[in-house]
Amino acid sequence: MFHPLPNSPQQFAITLSELLASRDARQTRQQTWLQSHQVTLISFTVVIPGPVKDNQWVRDIFNQGLCALKQVVSERQWVIIAQQSLALTSGPECLVAVDAPAKEVKQRMIEAEQQFAVGRLWDFDVFTAQGQLLSRQQLGVTERRCLVCDQPAKVCARQRTHSLSEILNQIEVLANASINH
């Protein structure tokens, strides 16, 4: 279980309509999994700005996130009901149905994100068996910070405070730091 994605990314730009369609498809997959498995669901993606959502960096970052997820699952001795990783043009995704309390799963995944520099690029969405998406705020955890400055990430994204090249440069720094450690 938790097999890394192969190192053969598609590496081409996607359009906004393709990105929106991929989000709709992900939500449909999530709902299908919740109905089928009726346990806590982890939906894992990588946060990458810009039109290219699948390249070698993204795959490396994703596979490191899978390793962190595998470690948490092993340490906590959670029972995995089902797991699937997808290599999509909109970026890699992983769905994991886990028989464990959703709040504990969310807390442990936040801790994993915070433990690794590259974890700032991981997005572990956790749903209760009833389909409620748990937020960092619900657990009393501060919102994500911008990769470039210390402002809330949502504010910088909404205001387009930083150029795409600035953000991608910071992602490269994080990715390189994770490779060297």
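Probing with 1.4 Å while keeping every protein chain in the model, the per residue accessible area of region 49-132 equals 41 Å².
How much of the accessible area of region 77-152, probe 1.4 Å, is carbon plus sulfur, in whole percent?
Details: 1660 of 3600 Å².
Exposed carbon and sulfur together represent 46 percent of the surface.
Once amide H atoms are built 1.01 Å from N in the peptide plane, which residues 5 or more positions from residue 14, or in another chain, come under 5 Å H to H? Here the answer is 52, 53, since their amide H atoms fall under 5 Å of that of residue 14. Fully extending the segment from residue 149 to residue 173, taken as 0.36 nm per residue of separation minus the present Cα-Cα distance, adds 7.2 nm.
May I ask you to list the trypsin sites (Lys or Arg not before Pro) in region 114-181 that are in a DSSP loop and have at most 10 other Cβ atoms within 10 Å of their Cβ? Before the final figure, lay out each step's value.
Working: sites: 120, 136, 144, 145, 154, 158, 160; in loops: 136, 144, 160.
Answer in residue order: 160.
Projecting label points 7 angstrom from Cα along Cα→Cβ for residue 137 and residue 115 puts them 2.8 nm apart. With the helix formula -39500 (n - 2.57) applied to DSSP H stretches of n ≥ 4, the chain reaches a computed 222 nm mean residue ellipticity of -14500 deg cm²/dmol.
Each residue of region 103-118 is assigned a 3J(HN,Hα), and the resulting list reads 5, 5, 4, 4, 4, 5, 6, 4, 4, 5, 4, 7, 6, 10, 4, 6 Hz, derived from the Karplus form 6.51 cos²θ - 1.76 cosθ + 1.60 (θ = phi - 60°), x at Gly and Pro.
The distance between label points at residue 28 and residue 160 comes to 3.0 nm (points 7 Å beyond Cα on the Cα→Cβ vector). Once both labels are modelled 7 Å past Cα along the beta-carbon direction, what's the residue 12-residue 36 spacing in nm? With each label placed 7 Å out from Cα toward Cβ, I get 2.8 nm. Spatially close Lys pairs in the chain, defined by Cα atoms under 21 Å apart and a spacing of eight or more places or different chains, total 4.
The values are calculated or read from the model by the stated rules, or taken from the named source; none is laboratory data. This is a predicted model, so every value here is computed, not measured. Glycine also receives a Cβ, built like all others from the backbone with ideal geometry; neighbour counts cover every protein chain displayed. What goes into the accessible areas is simple: the full protein's heavy atoms, side chains included, and nothing from ligands, DNA or RNA. Shrake-Rupley method; radii C 1.70, N 1.55, O 1.52, S 1.80 Å.
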